Amino acid sequence: MERRQFLFWLSCGWLSTWLPAIFSHKAVAQDEFVSVGTLTQLKENGQILNEESPTGAVLVIPSPDDPDSLIAVNPTCTHEGCIVEWDSEQEYFLCPCHSSKFKVNGEVMEGRATLPLDTYTVKVEGDEVLVQPVI
Ligand code: FES
C-alpha cells in the first residue's frame, strides 16, 4: 500500500470514529433532556454534581425559595473554569479558586467572573432528574 493510500484510509478511520460522537453530542446538548442523576442522590447529598453529563457539567440543587422545585446550573466558573460550590446557608454559588459569587439564577454577584453561569431547565420523571440547556 502506498503512503498516500495509507494516509487516506487512516483519515477515514479517524473520521468514522469521531464524527458520530461529535454530532450526537450536539444533538443531545441542544434538543433533548438528559438524565444527570436521581432524586435519591439529591436527598442523600443535598445536590447532584455531574461533571460528565452529555450536555456538560451540571449542578442541581433544591430551590431556596421552593424546596419542591429544582435549579440547575453549569458549575464551571466563567472566570477560569473552576467548579463552583453551592453554599446553602448563604444561598449563592461560590468559586473556590478566586471567590467569585453567583446568585441562584447564575448571575454574578461579585468577584473576578464577569459572565453568569449557564443554566438548565430541570424536570423530574420518576426518580430521574433531567436537564436541558437554556438557549
Ligand atoms: S476561576 Fe472562579 S473566580 Fe477565578
Q | D127-C82 pseudo-label distance in nm [points 7 Å out on the Cα-to-Cβ vector] | A | 3.5 nm
Q | Modelled FRET efficiency - R0 35 Å, E110 with S69, Cβ distances, 0.05 increments | A | 0.85
Q | Long-range amide H partners of T38 with built H, under 5 Å | A | V129
Q) Between the DSSP loop rule and a limit of at most 16 other Cβ atoms within 10 Å, which GluC sites (Glu not before Pro) in segment 46-135 are left? A) E51, E52, E80, E89, E91, E107
Q.
Can you give the log10 of the normalised intensity I(q)/I(0) at q = 0.23 Å⁻¹, computed with Debye over equal Cα scatterers of segment 33-133?
A. -1.21
Q: Quick one: dipole size for segment 84-135, taken about the Cα centre, charges +1 on Lys/Arg Cβ and -1 on Asp/Glu Cβ, in debye to the nearest 20.
A: 280 debye
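Only the coordinates and a few stated rules stand behind these numbers; no lab work does. In this text, all values refer to a predicted model and were calculated from it rather than measured experimentally. Neighbour counts run over all protein chains shown; Cβ positions are idealised from the backbone, glycine included.
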